[in-house]
1. By count of other Cβ within 10 Å, fewest leading, how are A:Arg14, B:Arg51, B:Arg110, A:Arg36 ordered?
2. Would you be so kind as to identify which of A:Thr83, A:Trp34, A:Val4 lies farthest towards the positive end of the dipole of chain A, taking Lys and Arg as +1 and Asp and Glu as -1 on Cβ and the Cα centre as origin?
3. Fewest to most neighbouring Cβ within 10 Å: what's the order for A:Glu79, B:Glu44?
4. Might you report the magnitude of the Cβ-based charge dipole of chain A about its Cα centre, with Lys and Arg at +1 and Asp and Glu at -1, to the nearest 20 debye?
5. With viscosity set to 0.890 mPa s and temperature to 25 °C, compute the Stokes-Einstein D of chain B, Rh being the Kirkwood radius across alpha carbon pairs; µm²/s, no decimals.
6. Pairs of alpha-carbon atoms within less than 8 angstrom and 6+ residues apart define the contacts here; what relative contact order does the range B:1-89 have, in percent?
7. Rounded, prolate or oblate: which fits the range B:47-112 when a ≥ b ≥ c are the square roots of the eigenvalues of the alpha-carbon gyration tensor, with rounded for a/c under 1.5 and prolate only if a/b beats b/c?
8. Among the lysines, which have Cα under 17 Å from the Cα of B:Lys3 when same-chain residues fewer than 8 positions away are ignored?
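Nothing in this text is a laboratory measurement; each read-out follows from the coordinates by a stated rule. Just so it is clear, the model here is predicted, and its values are computed rather than measured. Heads up, the Cβs are rebuilt from the backbone with ideal geometry, glycines too, and the neighbour counts pull from every protein chain shown.
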Amino acid sequence: DVKVTQSSRYLVKRTGEKVFLECVQDMDHENMFWYRQDPGLGLRLIYFSYDVKMKEKGDIPEGYSVSREKKERFSLILESASTNQTSMYLCASSSDRAKLFFGSGTQLSVL
Amino acid sequence: AQKVTQAQTEISVVEKEDVTLDCVYETRDTTYYLFWYKQPPSGELVFLIRRNSFDEQNEISGRYSWNFQKSTSSFNFTITASQVVDSAVYFCALRLTSGTYKYIFGTGTRLKVLA
């Protein structure tokens with residue numbers, strides 16, 4: 001069974017902390033994505049990566065960075081967490097132009 | 001600019017009713033893909049269907065059917081004889097075939113099916 005695995009389902013952090021959200025896929029997909037989901041706003045793209053070490057900004061990259069050192073792993077980094085980054089974070093992967101496979105999401109609360 | 005609009009924020013129906021979820025998209029590209037995803041309470045979005053812009057044939061899969069009309073830029077989703085297990089948030093998405101790898105999602109429609 002194909003899988004996108006996000007390291008944590010729930011996470012609570014303090015303002016100013018550096019936060020790492022990890023995502024691993026086992027499908028050898030080139031493309032990986034980080035979305036944030038907020039009520040009434042749907043899914044908004046933070047960053048995506050189309051190859052190892054390659055990344056592009058999405059619609060809301062401010063306050064985030066990413067790392068893709070290996071094809072299967074795509075990390076989202078909150079350099080200094082703020083309360084307005086409290087959200088559900090969804091990782092996804094795909095081969096070119098194909099459907100997205102999603103992880104179960106990480107509900108991040110920043111206090 | 002590309003955009004996906006799901007005007008229905010939340011719909012409640014009684015079990016066994018039919019329900020249609022609307023999706024309207026905007027793009028100037030002639031080649032694109034449209035998707036529907038389901039997000040049950042567990043949180044993981046599940047793929048339901050992909051349709052490319054050259055295929056306007058409607059599709060039926062069990063109780064689910066999709067109506068794609070390029071003339072009105074709509075890709076609507078109908079659930080026939082709804083069940084409680086259909087309760088979820090449903091997202092429509094657009095993916096262009098040129099340049100960007102981005103998928104553009106609508107804001108989702110929360111469907112509540114009451115027993």
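1. Details: A:Arg14 10, B:Arg51 18, B:Arg110 15, A:Arg36 23.
With the sparsest Cβ surroundings first, the list reads A:Arg14, B:Arg110, B:Arg51, A:Arg36.
2. Positive-most Cα among the choices belongs to A:Thr83.
3. Details: A:Glu79 12, B:Glu44 16.
So the residues, fewest neighbours to most, are A:Glu79, B:Glu44.
4. Values: 16 positive and 15 negative charges, 38 e Å.
Charge dipole, chain A, about its Cα centre: 180 debye, nearest 20.
5. On the way: Rh = 14.3 Å.
In µm²/s, the coefficient is 171.
6. Numbers: 152 pairs, mean separation 29.8, N = 89.
Across the range B:1-89, relative contact order equals 33 percent.
7. Numbers: a/c = 2.33, a/b = 1.45, b/c = 1.61.
Oblate.
8. B:Lys70, B:Lys102
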